[in-house]
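**Q** I have a structure here, written as structure tokens, and I will follow up with some questions on it.
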Amino acid sequence: MFKFLRRFLKEPEPSEQVRLQEKFVHFRRLLDNNNQALEIMADMEEKLSGDYVFDSSYISTQVHGLGEQVSGMVSALNLLTNNRYQKDLVPICQRLQDEMVAELEAVPTIPDTPYILPLSALHRDLAPAVGGKMANLGEIGNRVGLPVPQGFAITAAAYKRFLESSSLAADLYEKLSQADIEDLDSLKTLSRELQAMVRQAPLPPDLEEAIVQAARDLPTPWLAVRSSAVGEDTEFSFAGQFATLLNVDAASLPGHYKEIVASKFTSRAIFYWKYQQFSVNSLPMAVGVLAMVPARASGVMFSLDPPAPQDDTVQISAVWGLGQYAVDGTVSPDLFQVSRQPPHAITQRRVAGKPVALACKAAGGVEEVALSPEQAQAPCLSDGQVRTLAEIALQLEDHFGHPQDIEWTVGEAGNLIILQSRPLRISAPAFAEAERPPVPEPPAAPILPPGIRAVGGVAAGRVHLFLHDEDVSRIPPGAVVVSRQPSARLVLVMDRIAAIITEVGSPTGHMSILAREFRIPTLVEVGGATKVLTPGQIVTVDADAALIYPGIMPELLARNVKQDEAWRSDPVFLKLRRILKSVSRLNLLDPESPDFQAANCRTLHDITRFCHEKAMDAMFIPDMEKALDSHHVSRLKTGLPLNLFILDLGGGLRVTGAEQVTEADITSRPFKALLRGFHHPGVVWAGQVAPDLKGFISVFANTMYDTAKSERGLGGKSFAIVTESYLNFNSRIGYHFGIVDAFISEEKNDNYISFQFKGGAANIDRRERRARLVKQILDDLGFKAQTKGDLVQGRLVKLSLLETEQTLELAGLLIAFCRQLDLALTSEAVMERVLNAFKTGDYSLKVLRPQEAAAG
């Protein structure tokens, strides 16, 4: 009785139509999540190019947004597949998100080192301990062998010891947490309070003793004391926000040290600090202590002119005295342009009037001194010194692997000394006042209309047509890879190719994200590239302008300065780069590989790729019989020999649920495109293929060649599930089974066509031969196709709406064209003739009916 009541009271099962509608809703949601996730990943990768300034707030927003989108994809996929991937994907996705958040909130680890490290022991690998400024200076003196001052670093470990002594760190944290960066007046007040706290806090005795003893060991009582914070002097301007003390007394070094630490808490630094969401333990303040060099002349040089790298020159500025006036604009410096090529000719010079100079005072400190008219008008450097400086600039650029911004000085004895070298942003302005002429136009016209820039840069090389994924190992080093559509498999050779060009694709696609990681100039949406560009042709790809030129264009390549990630030591930049290790690397390259499994997802990019592929598989329904359970299925009245039923999930028919509809009632864009292929005037749905077809069985003839069968249907029922933008079509034509699953929209990332064809009435050899034929045609249409016995499967993704419609029409034509060919394909030679017939538009296969062709 109770069982009966439970059955009686149980809510009725939802209809098959409702299930399919829900399935489509989940599918659309997954596509939306996928697009937004790929856009976030692409944007994060783009920030690593060095052309954009960003902050911790940006990273936080992107991390949480990306986590939401990828989690949404996992949820939607599980709803599509009855929680098939719940066990594997959900914990992996959560773990990766936890790793991102942990990295987002992580505080840099301060290495355990002595409080004092002499400059003679420093190199660039010690940047986390002594900051980039002092680490680079040690590298220059100890590994490059150039002259630098004597000195030492007070390490980040010393800073940690200082803050942890008494309650200084806790007090600073409490004050900083209350800071309101919108109220500039209160920031000034807070800055004074924090700096006073640092100045008044006693140094731990062991730290103070170490500082005093190190100062005693220097050969001069006068010092330059400057910040060398971990992360300072990088792309994102902490530079200039912290103090530098010149010509100060070595005996008072403990106080000078606290003054440098206190400069971490200026109102300007606090604003930037809070805006970047750093904690009090972030940006450890190491300090550089150098023997003061009384300077005859000083200046700055760039190993390459930032706004005009094509000029191939070193830029040098110089002033009399200390170098501060060379960078702060107090006086106009002398400017020299020097050829980077031996013997380093001075190509341009401008000697400015320099009426004053900054000099060391005998009793400590610095002062401005007036210069005589003769000295003011005289050049600060001899031609020999200019050339020597240029050679040093190129030597440092070669050692560090990136153009350099270098501070130098000439001592009283005329000796050159390097004070600092840091990475030069090529997009930064030069110190020269005159504007540079624009880069000249290339002498040749572009080969093709503009594409879309996916990854910027310029490269040249020989064209290599990449038409099949399995040929990736054949791509030679230095090639410009040209393909119909993007392929993530290219990651296997991205360390050696010059550029990528695809006829379709998106800047936010999987391949573009990978190419951005490898800094490979990449263009997508270059229509006709595989037809116009020929194998072996030498081209220059200007991805910045989205153009392709014939031959080598030196004037374009000259501006493409190779960047090196070693210079990016800003903590925010490094944080983003570490986070992207959990995000953008793609390990699941081949959906057909046995390794393409949920358990093998190691990044969020892997998860998006896996979910997108499996979502398309989930919508690719091989058996539609259940759809007939719905009362809303309509039969299509058509002149085609198809017994076709349609289930509209929304927007696919003018009227849903009618017992019978005509083709005029169809509003589904993909279905209409497929039917246009079926109706192609070259297709003959009745009549023999060839007069001598052996083994043509009578039952097949009765179903395939009876023109009166159009009302009764052929070979069983065919089904179509449709919406305005979606089609799942299952055809049963004779003994052949065809499936087309497609989605069309304005969003390229969503668009795809899945194609499957199988079966036939001939023996297995002929059926397999037809499968190979269909694969070759699909390959020519841009599909990624494969065969398994007599089954051929293909998938094409990320075409524009119009291109997807046009390809769907060809897919319909292909189904009609190939429906009976297994009987005709008696040999490989016949298969080649049929393949050529399709390529030449002989869709009625007159080539297999010679007499008819001759009569025509």
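The values are calculated or read from the model by the stated rules, or taken from the named source; none is laboratory data. Here the structure is a predicted model, which means the values were calculated and not measured. Here Cβ is always computed from backbone atoms with ideal geometry, including for glycine, and neighbour counts include all displayed protein chains. These accessible areas exclude ligands, DNA and RNA; they are computed on the full protein's heavy atoms, side chains included. Shrake-Rupley method; radii C 1.70, N 1.55, O 1.52, S 1.80 Å.
**Q** At 7 Å along the Cα-to-beta-carbon direction for both V472 and R350, put a label point, then send me their distance in nm to one decimal.
**A** Result: 5.1 nm between the two label points.
**Q** Rounded to the nearest 0.05, what FRET efficiency do Q341 and D125 give with R0 = 35 Å and r taken as the Cβ-Cβ distance? Could you check? Write down the numbers at each step before the final one.
**A** Values: r = 32 Å, r/R0 = 0.92.
The formula returns an efficiency of 0.60 here.
**Q** Stretch A170-E208 to full length: gain in nm at 0.36 nm per residue minus the Cα-Cα span? Mind dumping the intermediate values first?
**A** Working: separation 38, 0.36 × 38 = 13.68 nm, distance 2.11 nm.
Contour length minus the Cα-Cα distance gives 11.6 nm.
**Q** Cβ under 13 Å from D112's Cβ, D112 left aside: what net charge do those residues give with Lys, Arg +1 and Asp, Glu -1?
**A** Values: positive: K160, R161; negative: none.
With Lys, Arg at +1 and Asp, Glu at -1, the neighbours total +2.
**Q** Roll a 1.4 Å probe over the protein chains and send me the accessible area per residue for the range 29-127 in Å². Spell out each step's value before the answer.
**A** Details: 4470 Å² over 99 residues.
Value returned for the range 29-127: 45 Å² of accessible area per residue.
**Q** At a Förster distance of 25 Å, what's the computed FRET efficiency of L557 paired with A445, Cβ-Cβ distance as r, to 0.05? Before the final figure, lay out each step's value.
**A** Values: r = 18 Å, r/R0 = 0.71.
So the FRET efficiency works out to roughly 0.90.
**Q** For the range 121-148, list residues with backbone N below 14 Å from a point placed 7 Å from the Cα of D398 toward its Cβ?
**A** 144-146
**Q** Separate question: With a cut-off of 8 Å between alpha carbons and a minimum separation of six or more residues, what is the relative contact order of the range 730-816 in percent? List each step's numbers first, then the result.
**A** Details: 151 pairs, mean separation 26.6, N = 87.
Once divided by the residue count of the range 730-816, the mean separation gives 31 percent.
**Q** For the cross-link pairs K23/K784; K23/K531; K23/K758, which exceed 30 Å when the distance is taken from alpha carbon to alpha carbon?
**A** Details: K23/K784 26 Å; K23/K531 40 Å; K23/K758 26 Å.
Where the Cα-Cα span goes over 30 Å, the pairs concerned are K23/K531.
**Q** Under the 0.36 nm per residue contour assumption, what length would be gained going from the current alpha-carbon distance of Q537 and T109 to full extension? Before the final figure, lay out each step's value.
**A** Numbers: separation 428, 0.36 × 428 = 154.08 nm, distance 5.12 nm.
Roughly 149.0 nm would be gained on extension.
**Q** Summing Lys, Arg as +1 and Asp, Glu as -1, what charge do residues with Cβ under 11 Å from the Cβ of L810 carry, L810 excluded?
**A** On the way: positive: R676; negative: D780, E803, E805, E809.
The answer is -3.
**Q** Just grab the label-to-label distance for D217 and S382, each label 7 Å out from Cα along the Cβ direction, in nm (one decimal).
**A** With each label point 7 Å from Cα toward Cβ, the separation is 3.7 nm.
**Q** Averaged per residue, what accessible area in Å² does the range 462-550 show with a 1.4 Å probe, protein chains only? Don't skip to the answer; put the middle values down first.
**A** Details: 2840 Å² over 89 residues.
Spelled out: the 1.4 Å probe surface of the range 462-550, per residue, equals 32 Å².
**Q** Accessible area per residue for the range 750-826 in Å², computed with a 1.4 Å probe and the full protein assembly in place, what is it?
**A** Values: 2230 Å² over 77 residues.
Each residue of the range 750-826 exposes 29 Å² on average to a 1.4 Å probe.
**Q** Going by average Cβ neighbours within 10 Å, how do the peptides 533-539, 665-671, 23-29 rank, with the highest at the top? Walk me through the numbers on the way to the answer.
**A** On the way: 533-539: 15.3, 665-671: 23.6, 23-29: 18.7.
So the peptides 533-539, 665-671, 23-29, ranked by packing, come out 665-671, 23-29, 533-539.
**Q** Is there a pair in K160/K188; K160/K361; K47/K775; K47/K258; K637/K798; K637/K788 whose C-alpha atoms are over 30 Å apart, and which pairs would that be? Don't skip to the end; give the middle numbers.
**A** On the way: K160/K188 25 Å; K160/K361 34 Å; K47/K775 41 Å; K47/K258 35 Å; K637/K798 33 Å; K637/K788 35 Å.
Where the Cα-Cα span goes over 30 Å, the pairs concerned are K160/K361; K47/K775; K47/K258; K637/K798; K637/K788.
**Q** In whole angstrom, how far apart do the alpha carbon centroids of the range 726-804 and the range 516-536 sit?
**A** So the separation of the two Cα centres works out to 26 Å.
**Q** Can you check how the C-alpha radius of gyration of the range 99-233 compares to 2.2 N^0.38 Å, as a plain ratio? Could the numbers behind the result be given before it?
**A** Values: Rg = 17.3 Å, N = 135, 2.2 N^0.38 = 14.2 Å.
Taking N as the residue count of the range 99-233, the ratio is 1.22.
**Q** Here is a further query. Give me the one-decimal nm value for the distance between modelled label points at A658 and N415, 7 Å along each residue's Cα-to-Cβ direction.
**A** Between A658 and N415, the simple spin-label model gives 9.7 nm.
**Q** Hey, another quick one. Which whole-angstrom value gives the distance between the alpha carbon centres of the range 348-416 and the range 635-677?
**A** Each part reduced to its Cα centre gives a spacing of 81 Å.
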